[in-house]
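One structure is given below, encoded as structure tokens.
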Amino acid sequence: MLTEVVFSLSPMNTYMPIVSSSSEAESSRVSLLQTRATSSDETSTSVDTNEIFTDLKEKWDAVENKSTVLLYGGGAIVAVWLSSIVVGAINSVPLLPKIMELVGLGYTGWFVYRYLLFKQSRKELATDIDTLKKKIAGSE
């Protein structure tokens, strides 16, 4: 006996499997089953907004130089806004976006050849990344 199960989406956005059998006696009988996914409170990962706000407030109170943080944050927002304007201006020039795509493709090919293709160059790249991490962290 061959059974075919087809899932269709009902107007209520629930999946309704339609089960039909290949036997002629059961072919007239089609059962529609509605299933709906629900989650229990135990498995739910709800976010407590009060906990997030208290955590952020504690971190903000721990910052010593608040004006510097605000200045860097504002500078980052301005830099993203200006880069968006520059990219939009470059994109409006007729041939320049395609040329930039070719430059990016060429650089990607060079990077793969230079650092990823051979084992020795991959090791070199890994050591360069590790030294950069140490410089940023201040442990070197």
Could you say which residue among T131, T127, T108 is polar (S, T, N, Q) and within 25 Å of the chain's Cα centre (by Cα)?
T108
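Conditions tested, residue by residue: (1) in a helix (DSSP H, G or I); (2) surrounded by 11 or more Cβ atoms within 10 Å (Cβ to Cβ); (3) in contact (Cβ under 8 Å) with a residue 60 or more places away in the chain.
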| residue | (1), (2), (3) |
| --- | --- |
| G73 | yes, no, no |
| V86 | yes, no, no |
| P94 | no, no, no |
| I99 | yes, yes, no |
| W110 | yes, no, no |
| D128 | yes, yes, no |
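All of the numbers you see were taken from the coordinates with simple rules; none came from a lab. Bear in mind the structure is a predicted one, so any value in this text is a computation, not a measurement. Note that each Cβ is placed from the backbone with ideal geometry, even for glycine, and that neighbours are counted across all protein chains shown.
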